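**Student:** There's a structure below that I have some questions on.
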Amino acid sequence: MLSNRMKNLHPYVPGEQPKDRLYIKLNANENPYPPSPKVIKAVAQAAKKHPEKLGLYPDPDSAELREAIADMLNKSGGVLCRANLEGGKKNGSGALVSPCEADKIPFVVTPDMIYAGNGSDEVLSFVFYAFFDSDRKLVLPEHTYSFYPVYGGFYDIPLEKIPLKSDWTLDTEKMLESANKENSSIIFANPNAPTSLGLTRDEVRNMIKKAPKDRVFVVDEAYVDFGGESCIPLLAEFQNLVIVRTTSKSLCGAGQRLGYLVANKELVEAVTTVKNSLNHFPIDFLAQQAGIAACYDAGYYVRAAQDVAFERDEFIDFLRGKGWFVLDSQTNFIFCKKDGVNGLEAYKKIKSDGILVRRFDTKGIEEYLRITVGTHEQMLSLRKAMEEL
Ligand SMILES: *Cc1c(COP(=O)(O)O)cnc(C)c1O
């Protein structure tokens, strides 16, 4: 009874959400803080004042939301905060400070440069459909967001996975070499998951310069507000660049399912055409109200990101003090392992103490844990659980 297409489906496995007991959930990179009080008020008031809107189809193009996103990007400079570069650090973890002059977007972002969808997972899926083909391999890092290979299977797009370098950074040379061989597109997360490391904007610029010009180049900036450098300013230089964003991480909104992309308007139109052929109304009325309110309260999310970065750096120090190998993090999670400690055993021990972290059964990273940074109290509980490992 199944279609042939079903054979290519290898569904994404998200961080587990067990119901058997109340776990501290540090396995899906959600933000431990609630959305801003203004978001909660906006949603409550929208439902109360306009109950009729829940019975009507929402704005299919989320016009007001896209305006709010553009406004937030223009005001903030494309990123909520940046890592403190004092002391000659090139990048890397550290306290988050205000964006600097170089982070500013050198043009005005207009709503027609934004496509908004039902979580960036859906946005990414439409990106795959709109820009990648079965006739050549899509180039991506071997270890990156594990939904990309799932979409590759779904849309029948062959993949060329490029191993990371020994320091866990992207092998940009090899990725370019491979992309130029077949005139292929490139996709990666920056900062990358599950490694928590990012490329600087200059490094990405140098990469796009040498990549195929007539192929779309996708940078997924899900974690950029925790210390990465945004590539939105590069849209002034490259017509083939697509930046994907989400409200699930730094905007404390994983439950509302809102993602977006920023690109030149021809590419936005292409993705909109995919949307209108598949799901005309991807963002419900209440989620649109929540997103609009979030964009106009960026200050709240700056503080939340700073708190997350503070807890992150404290926890990295703690783990390193206990002999763990921990990569620097420009994200809201930590990627770590300890010699002599089996990854699966560590995961199980932490789970038995009531805390869920993520471990991937993937060759090369089996011994690592990916730990989402939680609140101060949650991280204290995790310290206790990991103390004896
Ligand atoms: C979490 C994450 C997403 C998915 O975000 P949603 O908007 O919740 O669908 C996309 N890309 C990366 C790299 C992520 O880590």
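**Student:** How many of the residues in segment 223-266 are part of a helix (DSSP H, G or I), touching a residue at least 12 places away in the same chain (Cβ under 8 Å) and within 14 Å of residue 294 (Cα to Cα)?
**Tutor:** Here the count works out to 2.
**Student:** Residue 166 - would you say it is small (Gly, Ala, Ser), touching a Ser or Thr at 6+ places or on another chain (Cβ under 9 Å) and more than 20 Å from residue 230 (Cα to Cα)?
**Tutor:** No, not satisfied.
**Student:** Return the residues of segment 235-256 that are in contact with a strand residue (DSSP E or B) (Cβ under 6 Å, 6 or more places away or on another chain) and either among the hydrophobic types (A, V, I, L, M, F, W, C) or within 11 Å of the ligand (Cβ to nearest atom) (or both); say none if nothing qualifies.
**Tutor:** Hits for segment 235-256 are 235, 241, 242, 243, 244, 245, 246.
**Student:** A follow-up question, please. State whether one or more residues within segment 210-222 are part of a helix (DSSP H, G or I), farther than 25 Å from residue 316 by Cβ, over 20 Å from the mean Cα position of the chain (by Cα) and in contact (Cβ under 8 Å) with a residue 40 or more places away in the chain.
**Tutor:** no
**Student:** So residue 93 clears everything in (1) surrounded by fewer than 22 Cβ atoms within 10 Å (Cβ to Cβ); (2) at pLDDT below 95 except one condition, right? Which one?
**Tutor:** (1)
**Student:** Any residue at all in segment 354-362 that's under 30 Å from residue 69 (Cα atoms), among the small types (Gly, Ala, Ser) and away from the ligand (no atom under 14 Å from the Cβ)?
**Tutor:** The answer is no, given that none of the residues of segment 354-362 is under 30 Å from residue 69 (Cα atoms), among the small types (Gly, Ala, Ser) and away from the ligand (no atom under 14 Å from the Cβ).
**Student:** Between residues in segment 5-18 that are at pLDDT 80 or above and residues that are loosely packed, with under 12 Cβ neighbours inside 10 Å and in a loop (DSSP other than H, G, I, E, B), which pairs lie under 7 Å by C-beta distance while being six or more apart or on different chains?
**Tutor:** none
The values are calculated or read from the model by the stated rules, or taken from the named source; none is laboratory data. Note that this is a predicted model, so its numbers are computed, not measured. A quick note on method: Cβ atoms are made from the backbone with ideal geometry, for glycine too, and the neighbour counts reach across all protein chains shown.
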